[in-house]
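Written below as structure tokens is the structure these notes are about.
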Amino acid sequence: MAKLLIKNLYKRYTNTGKKKAPENPYAVNDLTLECKQGEFVALLGPSGCGKTTTLRMIAGLEDITQGDIFIGDVRVNDVPPKDRRIGLAFEDYALYPPLTVRENIAYNLRAKKVNKAEIDRRVNEIAKLMNVESLLDQMPVKLSGGQKQRVNIARAIVRRPELLLMDEPLSHLDGKMRQAMRTEIKRLHNEIECTSVYVTHDQLEAMSLADRIAIMDLGKLQQYGTAIDVYDNPVNEFVAAFIGEPPMNILETTVIKHENEFYFTFQGSSLRILVPRRYYSKVHDGFAVKMGVRPMDLYIGSEESKGTYERVVIFENLGDERRIGVRVGDHLVMLITADEKRYRHGDVIKLDVNEQKTHLFDIETGNRIYSDEPR
């Protein structure tokens, strides 16, 4: 296994003249990222954010506009893909239909003229690791989606790569199979001890699999950290809203001062939330800001609580949790509760907020406003 270092990486597609130049000409814009030896890193973001382009540049399948990529201590900008010591697994299984599973897995080894005994030994070893031993003599057309993806990954790792690259490998699978394959990929990473880079738009995949997550938007790196880092301490409004299901509630608010205390207030609503004292040096009377709070930090209050009465507009019973949506002014606010009571549209609940779990974001830039002390 090898570490991966990306330094000031850019990818710009030239305008052919047939189409209007895009507002953001860079698919990847000044990306710097380090993946430690043996680490599992996820590139996470919406469609078009640059994550797949980044992976393809690491693999050598896309030209680099500017910047450097190092695998281990070797600068690989001009190294052909076959010599980069990488394994590739894409969302399209790309198995060769005329070949058996055994022949598909062995294909790259045969291309490198590895001797037959070694090929057989390594194919059998990988087949056992990926739980496809019983499929070795099958043709790809006979396999399910999950089986094809196992074979696809087996073909990628049979070469013993120092860096394993995976691009949306579970996107074609149904929910239950995706969950099973997530477990398999995590087990595989731990057993083969290979540095891994995993592209996905699914935050649950990223958070459950990766040691660290690189969140991208419009070609730029927004935040890089552990799942706990990006969930608890988002650096901006984009990360706060992208990570978490349901996403963080983000509301425009005006801060008012009353009897030496500050409160968040919301247009069209009587709800008032006490501003934590750690923010007092950042706010003032009449200060306009965006406040974020996660659904699990909102509660159904008791008669004695400080919350306000709100009407239910959405109720979702998911079995292990219930999601309730209420209107706060023009904003739909979601909360999660373990309360087994069923609610209907129009029912009244008392909405209570854990103000210590609130986040502040600049109303113009969307950047996080940090408090003077940790939460």
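What to note about this one:
- Of the residues making up segment 87-106, none is in contact with an Asp or Glu (Cβ under 9 Å, 6 or more places away or on another chain), at pLDDT 95 or above and of a type in the set (Gly, Ala, Ser).
- Hits in segment 204-224 (condition: within 12 Å of Leu43 (Cα to Cα) and in a helix (DSSP H, G or I)): Glu205, Ala206, Met207, Leu209
- Any hit, segment 216-233, residues being on the phi > 0 side of the Ramachandran plot, out of contact with any strand residue (DSSP E or B) (no Cβ under 6 Å at 6 or more places or on another chain) and in the same structural domain as Ile363 (by TED's automatic domain parsing): no
- Odd one out for Ser270 among (1) closer than 18 Å to Gly307 by Cβ; (2) crowded, with 19+ Cβ neighbours inside 10 Å; (3) hydroxyl-bearing (Ser, Thr, Tyr): (2)
Yes/no per residue for (1) of a type in the set (D, E, K, R); (2) farther than 16 Å from Ala89 by Cβ; (3) within 13 Å of the chain's Cα centre (by Cα); (4) surrounded by fewer than 16 Cβ atoms within 10 Å (Cβ to Cβ):
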position	(1), (2), (3), (4)
His189	no, no, no, no
Ile192	no, no, no, no
Thr195	no, no, no, no
His201	no, yes, yes, no
Glu205	yes, no, yes, no
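- Those residues of segment 337-375 which are small (Gly, Ala, Ser) and farther than 29 Å from Val239 by Cα, in sequence order: Gly346
- When the strands (runs of 3 or more DSSP E) confined to segment 11-71 are screened for residues that are among the charged types (D, E, K, R) and either modelled with pLDDT of 95 or more or surrounded by 14 or more Cβ atoms within 10 Å (Cβ to Cβ) (or both), those reaching at least 2 such residues are found at 26-35.
- Annotation note: Cβ proximity below 6 Å between a residue of segment 262-291 that is of a type in the set (Lys, Arg) and a residue that is assigned to a loop (DSSP other than H, G, I, E, B) and exposed (fewer than 12 other Cβ atoms within 10 Å of the Cβ) (sequence gap 6+ or interchain) occurs for Arg278/Asp372; Arg278/Glu373.
- Leu221 falls short on exactly one of the conditions (1) within 23 Å of Leu298 (Cα to Cα); (2) buried (at least 18 other Cβ atoms within 10 Å of the Cβ); (3) modelled with pLDDT of 95 or more, and that condition is (1).
- Total residues in segment 225-261 satisfying the condition of being buried (at least 20 other Cβ atoms within 10 Å of the Cβ) and part of a strand (DSSP E or B): the figure is 4.
- Helices (runs of 4 or more DSSP H) wholly inside segment 115-203 that include at least 1 residues being in contact with a Lys or Arg (Cβ under 9 Å, 6 or more places away or on another chain), more than 25 Å from Pro46 (Cα to Cα) and not hydrophobic (A, V, I, L, M, F, W, C): 116-129
- Filter pass, Glu321 being within 32 Å of the chain's Cα centre (by Cα) and not β-branched (Val, Ile, Thr): yes
- When Ala106, Ala89 are checked against the criterion of being part of a helix (DSSP H, G or I) and either over 21 Å from Tyr198 (Cα atoms) or not charged (D, E, K, R) (or both), Ala106 stands alone in meeting it.
- Close pairs from segment 185-198: first closer than 12 Å to Met1 by Cα, partner part of a loop (DSSP other than H, G, I, E, B) and of a type in the set (D, E, K, R), Cβ under 7 Å, at least 6 apart: Thr195/Lys3; Thr195/Glu39; Thr195/Glu162
- Gly225 vs. criteria under 18 Å from Val28 (Cβ atoms) and of a type in the set (Gly, Ala, Ser): no
The values are calculated or read from the model by the stated rules, or taken from the named source; none is laboratory data. All values reported here derive from a predicted model rather than from experimental measurement. So basically every Cβ, Gly included, is an ideal-geometry build from the backbone, and we count neighbours across all protein chains shown.
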